[in-house]
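Worksheet for the structure shown next.
The values are calculated or read from the model by the stated rules, or taken from the named source; none is laboratory data. These numbers were taken from a predicted model, which means no experiment stands behind them. We place every Cβ from the backbone using ideal geometry, glycine too, and count neighbours over all the protein chains shown.
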Amino acid sequence: MPQHTNRFTSRRGLLFGTAAVGAGALLAGCTSNDSGDDEPAANDQPAASDSPGKPVTIGFAGPQADHGWLNAINDNAKNRAKKYSDVTLEITEGSNDTAQQIGQIETLINKKVDVLVVLPADGKALTQVGLRAMRAGIPVVNLDRIFNTPQAYRCWIGGDNYGMGLNAGHYIGQKLKGKSNAKVIELAGLDNLELTKQRTKGFDDALKNYPNVRKVARQAAEFTVESGQAKMAQLLQAQSSFDALWNHDDDQGVGALRAIDQAGREDFLMVGGAGALSAFQAIKQDNGVLKATVLYPPTMAASAIDLARALGQSKGIGGLAEFEIPASLTLYSAVVDKTNVDQYMSTGFK
Amino acid sequence: MTQHVSPPRGSADKVPSVSESSAWRGMFARADVRTLSLLGVLAVLVLIGGITKPDEFLDTRNLQLVLTQASVIGVVTVGMTFVITSGGIDLSVGAIVALASVWATTVATQEYGFAGILFTAVIVGVGCGLVNGLLIAYGAMVPFIATLAMLASARGLALQITDGSTQVVTVNSVLDLGERDAYVLGIPPLVLVFAVVTIIGWLVLNRTTFGRRTVAVGGNAEAARLAGIDVRRQRLYLYLLSGLCCGIAAFLLIILSGSGQNTNGNLYELDAIAAAIIGGTLLSGGRGTITGSVLGVLIFTTITNIFALNNLQSDVQQIAKGAIIVAAVLVQRRTASTT
């Protein structure tokens with residue numbers, strides 16, 4: 001009996017082994033995501049002052065690009081730097097680990113780069129290293145996630161979360177003008193984050209201008225497709241009819257749109273957030289509920305390179321009267337709808 | 001081993017029932033008290049949902065919604081129940097679901113259509129399970145460490161494949177299964193898969209040698225070895241099984257969300273472990289219940305559903321969820337000890 005089992009298992013083992021090797025070989029070829037038309041998410045805007053000047057080495061440190069928006073940040077920075085013959089970009093491997101990112105920035109300081117561009121994994125936690133760079137005489141351009149103190153950066157540039165909510169609210173309010181008792185729902189992002197609270201506050205503040213519009217429900221997803229689908233499905237079940245929906249984030253919006261499709265609902269207007277390529281495409285096609293999205297533009301990384309270059313060459317920004325770059329730049333969260341989507345298409349991220 | 005101890009539960013099916021009343025008692029004894037108390041918790045939840053939101057909650061569409069949302073984590077939990085019953089743990093389930101879901105939705109895989117996506121999701125799941133199993137069974141690694149390592153690597157590989165972007169599925173035969181009116185045998189496909197996995201899981205755990213070996217290994221691995229069970233091979237099979245469940249769950253998730261993303265399956269390991277433990281599976285091994293685990297999953301999903309329908313925000317949801325876990329376990333222990 002035992003020999004019997006053994007012989008059986010070994011033959012079975014061989015069979016399974018062969019199958020496993022075969023499957024492995026087959027699968028290894030399946031990790032490619034090359035679709036042939038891979039245009040990087042980037043900005044075609046002409047560079048600020050194109051005439052080459054003093055050579056500048058810019059150190060760039062960002063978090064791990066684990067979602068589309070952050071990926072677009074890296075691409076924007078790289079592509080912008082390539083446009084300038086006088087800029088050399090020293091880019092670090094992104095990390096979400098505070099200690100590791102501090103180490104990377106210190107390496108850049110030791111290399112004596114001319115200017116630093118830093119998108120911290122956590123703004124507060126990286127303030128010290130920002131201060132260290134400034135004290136070492138290296139000006140810092142702080143990208144989006146802000147340091148604790150203005151002493152840690154020469155210039156901050158970033159998006160406007162409150163403004164995102166505000167503009168989404170105004171867009172929806174305008175669209176629902178004249179409709180009495182209009183109902184609006186909100187699919188928020190990760191509730192643990194300060195930025196989600198700011199977006200919601202802006203949205204609520206804008207809606208106060210439209211007495212006929214009332215927010216009837218809000219649920220928070222987690223910026224992921226999976227959570228977007230789950231939360232949206234519940235919201236749709238909870239609200240048998242409403243007029244507009246604001247979704248904070250286009251990534252989770254992929255899931256939300258899936259849930260809307262699954263529920264067979266199309267009797268409302270949807271506005272997204274951030275500015276993903278898939279959202280732009282849906283807005284352009286105009287055959288679904290998604291009619292607009294509010295930007296949180298990843299092109300800010302390209303602008304950060306512009307600012308860093310201007311800092312390194314001791315110039316101001318073309319078009320402004322000052323001799324220096326500003327201390328702080330808050331970007332506008334433009335509403336992209338069918339009328340202007342073509343203009344923004346190239347900035348959409350995957 | 002004292003004489004006044006009442007016959008252990010489950011012994012009823014060995015005694016041929018003579019009268020009608022003893023048959024009834026046998027049935028009752030077989031239906032675990034814990035399971036009954038879980039059904040009680042679920043009934044209370046349904047009552048709360050029915051009272052607070054009668055129109056939206058007591059609706060067949062909502063039942064369909066709850067069961068569909070439960071199916072992905074449900075399938076993972078069935079696999080997890082086996083692993084925990086054997087005294088192990090699998091912390092890598094969420095990461096495996098993520099990896100399988102992104103590997104199965106790359107542009108290259110999608111060219112092979114439905115079969116390519118299904119095959120890849122399942123094989124990637126099984127492959128990760130195989131690595132886990134080999135490390136634990138033959139590499140003598142502690143399950144906690146081995147699967148923690150798998151968690152890290154699988155998430156990393158998933159990120160590397162996607163490069164952080166969302167992979168949208170364009171294969172219609174896959175997407176169609178997640179549509180509103182896609183029914184197989186009158187049941188939404190995801191729910192059907194969940195049901196089939198549950199039934200097979202129940203049969204394997206309760207009615208096969210494999211199931212008895214799993215319980216034996218979890219109860220006392222050394223005794224199981226002395227009794228002639230190949231403990232190492234059993235462990236290998238169990239992690240393979242968990243990986244297989246993750247692969248199936250990944251395919252369900254692809255159908256449900258119409259995409260693959262490296263952030264998929266976030267914290268599934270905790271949800272699956274919590275559902276199994278609430279269901280009555282011993283974290284130390286030696287006892288496991290598929291029925292309990294599935295009820296645990298349904299309780300969680302129903303809570304989430306009721307919260308969302310009542311528009312409660314995430315902070316309240318999290319507090320209440322924690323409180324309900326504690327309450328459910330306390331109620332269960334009370335009913336178990338008084339019977």
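See the values below:
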| quantity | calculated |
| --- | --- |
| Pick from the stretch A:240-270, criterion of a type outside the set (A, V, I, L, M, F, W, C) and closer than 15 Å to A:Gln219 by Cβ, ranking: surrounded by the most Cβ atoms within 10 Å (Cβ to Cβ) | A:Gln252 |
| Segments classed as helices (runs of 4 or more DSSP H), wholly inside the stretch B:29-118, with at least 3 members that are more than 19 Å from the chain's Cα centre (by Cα) and away from every other protein chain (no Cβ under 14 Å) | B:33-52 |
| Any hit, the stretch A:65-82, residues being modelled with pLDDT of 65 or more, more than 27 Å from the chain's Cα centre (by Cα) and surrounded by fewer than 17 Cβ atoms within 10 Å (Cβ to Cβ) | no |
| Check on A:Gln252, in contact with a Phe, Trp or Tyr (Cβ under 8 Å, 6 or more places away or on another chain), at pLDDT below 95 and either more than 24 Å from A:Val117 (Cα to Cα) or within 9 Å of another protein chain (Cβ to nearest Cβ) (or both) | yes |
| Helices (runs of 4 or more DSSP H) enclosed by the stretch A:97-212 - at least 2 residues per element that are crowded, with 21+ Cβ neighbours inside 10 Å, touching a Phe, Trp or Tyr at 6+ places or on another chain (Cβ under 8 Å) and of a type in the set (A, V, I, L, M, F, W, C) | A:161-175 |
| Residue that is nearest to the other protein chains (Cβ to nearest Cβ) [pool: residues in the stretch B:243-261 that are among the small types (Gly, Ala, Ser) and assigned to a helix (DSSP H, G or I)] | B:Ser257 |
| Of residues in the stretch A:36-63 being buried (at least 17 other Cβ atoms within 10 Å of the Cβ) and within 14 Å of chain B (Cβ to nearest Cβ), the one modelled with the lowest pLDDT | A:Ala41 |
| Subset of the stretch A:255-284 (residues that are over 22 Å from the mean Cα position of the chain (by Cα) and modelled with pLDDT under 95) | A:Asp261, A:Gln262, A:Ala263, A:Gly264, A:Arg265, A:Glu266, A:Asp267 |
| Pair list, Cβ under 7 Å, 6 or more apart: the stretch A:243-268 residue in a strand (DSSP E or B), other residue among the aromatic types (Phe, Trp, Tyr) and surrounded by fewer than 24 Cβ atoms within 10 Å (Cβ to Cβ) | A:Ala244/A:Phe268; A:Leu245/A:Phe268 |
| Test: residue in the stretch A:233-241 that is more than 8 Å from chain B (Cβ to nearest Cβ) and either assigned to a helix (DSSP H, G or I) or under 21 Å from B:Ser165 (Cβ atoms) (or both) | yes |
| Residue ID - farthest from the other protein chains (Cβ to nearest Cβ), chosen from residues in the stretch B:158-167 that are surrounded by 19 or more Cβ atoms within 10 Å (Cβ to Cβ) and not in a helix (DSSP H, G or I) | B:Gln167 |
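Yes/no per residue for (1) of a type outside the set (D, E, K, R); (2) within 19 Å of the chain's Cα centre (by Cα); (3) within 15 Å of B:Gly292 (Cα to Cα):
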{"residue": "B:Ser173", "(1), (2), (3)": "yes, no, no"}
{"residue": "B:Leu177", "(1), (2), (3)": "yes, no, no"}
{"residue": "B:Pro188", "(1), (2), (3)": "yes, yes, no"}
{"residue": "B:Val191", "(1), (2), (3)": "yes, yes, no"}
{"residue": "B:Val197", "(1), (2), (3)": "yes, yes, yes"}
{"residue": "B:Gly201", "(1), (2), (3)": "yes, yes, yes"}
{"residue": "B:Asn206", "(1), (2), (3)": "yes, yes, yes"}
{"residue": "B:Thr209", "(1), (2), (3)": "yes, no, no"}
